[in-house]
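Visitor: Questions regarding the structure given below will be posed in turn.
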Amino acid sequence: MARIRTLLTALWVFNSLSLLAQHHTIMDESIRTLQVKVNDDITLPPVISLNGNSVLNIGWDQLSHTYHRYTYRLQHCDKIWEPSTELFESDWLSGVNNLPVEDYRTSFNTSQLYTHYQLSIPNKDVRPRLSGNYKLEICEDDECIVEVQFCVVDKVMPISVGCSSNTDIDFQKNHHQLTIGVNYNGVRVVDVDEQLYMRVIQNRHWNERVEGIYPNIRKATGIEFSHHRGLIFEAGNEFHKFELLDVHKPGLGIDYIRWYDPWWHITLNEDRPARAYISDEDQNGAFVIRRNWDEDNDIMAEYVIVHFILKTTPLTNSGDVYVSGQWTQGEKSEQYRMDYDDQLGIYEKAVLMKQGYYNYEYIQSNGSTSRTMGSFYQTENEYQILLYYREQGGRYDRLVGYALVHS
């Protein structure tokens, strides 16, 4: 019990990071389980098509049954997520901003009371009119409590992508290297360095993204990034995973379950850094809220305290160790920083989470997982490539190319 109490002291510590440190930001410690999905598909990043049929679904929980009047507003941004100051709102928005969130339900038959809120973009009141980067701000009394970043793409320039474990720094060892080609497809590009901007993201790790790199092959019809050292990524390892469908029965990846009033405590199997690659299907950090009967998961799933354990020697030379996944929104904060127990020789962390299926990994301050998970060229990773373009004399950055590939 003493260990349980010690671990719980950090549960409500909240440390917001800067905008560019993660894709989504939560500024209110009572907000939990932020879900951002395209067409309710957990495998798709938050990128929707301009004038297409794709819909961005956003949901979150507030840990009480007290109604909170939330409003939401959109903001068009440039390629580095700063507001597009040269545009009027009517240029990029069809509809009205600062509307209330009207879809909410209170939890039913759960130990922890919470209210689930959700909305979709576009909807009957709001629709983006231009491609590019967008911020969606969820506010209460004009104070932003949640910020979601998403992209609207108009695929004008086709992108081809290749991924190889034969890199310019090693051969079938610990890295992947991308080769990227862009076809202008008739779009007028006069100054490549000024008009085009590329961002590449591995497994949605915005902290370790690559951006602003210059192509090493330039043609009249397009550009290429071939044998480009800026496109070498640590291969990492497959994500760990666990699934909690029933608080009375351990599921995938769970060692045991105990009740310590007022929470269920879920202790996961002990993890260790891998010495060799073992093939295992994962979802590259994704998560899905669900329970045994897969009915009304949004309001009937329990909140539990999950205990993560990593058995290894102290990793002091590469910074702190954090538990991470898409459900952490990329945060490297006290909420997810693991503590080391010298007597047991383990890193451990207790995190309040909602019942469901989760992928997770252990990542260090420098962004590496090589000492916490291992790094192997066979690892399957997700890579997003986003290409921005500003025409000469243009007032905003268009998102004209997008590719989603798996190594």
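No lab work stands behind these numbers, since they all come straight from the coordinates. Quantities reported herein were computed from a predicted structural model and do not represent experimental measurements. Cβ sites come from the backbone with ideal geometry, for glycine too, and all protein chains shown count toward neighbours.
Visitor: Just to confirm the filter: which trypsin sites (Lys or Arg not before Pro) across the stretch 190-243 are DSSP coil and have at most 13 other Cβ within 10 angstrom of their Cβ?
Guide: For trypsin sites (Lys or Arg not before Pro) across the stretch 190-243 that sit outside H, G, I, E and B with at most 13 neighbouring Cβ atoms in 10 Å, the list reads K219.
Visitor: In what sequence do C163, C77 fall when counting other Cβ within 10 Å, fewest first?
Guide: By the 10 Å Cβ count, ascending, the order reads C163, C77.
Visitor: Taking every pair of alpha-carbon atoms in the stretch 240-364, what share in percent sits in each 5 Å bin, from 0 to the bin with the longest distance?
Guide: Going from the shortest bin to the longest, the percentages are 2, 10, 19, 23, 21, 14, 6, 3, 1, 0.
Visitor: Right, another one. Summing Lys, Arg as +1 and Asp, Glu as -1, what charge do residues with Cβ under 12 Å from the Cβ of L399 carry, L399 excluded?
Guide: Here the count lands on +2.
Visitor: Oh, and also: Which links in K37/K241; K155/K219; K79/K349; K311/K332; K135/K219 stretch past 30 Å when you go from one Cα to the other?
Guide: The answer is K79/K349; K135/K219.
Visitor: Could you work out how far the C-alpha centroid of the stretch 366-389 sits from that of the stretch 204-279, in angstrom?
Guide: 8
Visitor: Chymotrypsin sites (Phe, Trp or Tyr not before Pro), restricted to the stretch 208-306: which are DSSP loop and have at most 11 other Cβ atoms within 10 Å?
Guide: W293
Visitor: Once R0 is set to 41 Å, what does the formula 1/(1 + (r/R0)^6) return for the Cβ-Cβ distance between R229 and D141, expressed as a FRET efficiency to the nearest 0.05?
Guide: 0.25
Visitor: Roughly how far apart, in whole Å, are the Cα centres of the stretch 26-46 and the stretch 70-106?
Guide: One Cα centre to the other: 17 Å.
Visitor: May I pose another question? Per DSSP H run of n ≥ 4, the term is -39500 (n - 2.57); total these for the chain, divide by its residue number, and report the mean residue ellipticity at 222 nm rounded to 500 deg cm²/dmol.
Guide: Theoretical 222 nm ellipticity from helices: -1000 deg cm²/dmol.
Visitor: Which loop trypsin sites (Lys or Arg not before Pro) in the stretch 320-407, with loop taken from DSSP, have no more than 14 other Cβ atoms within 10 angstrom of their Cβ?
Guide: Taking the stretch 320-407 and a limit of 14 other Cβ atoms within 10 Å, the loop trypsin sites (Lys or Arg not before Pro) found are R395.
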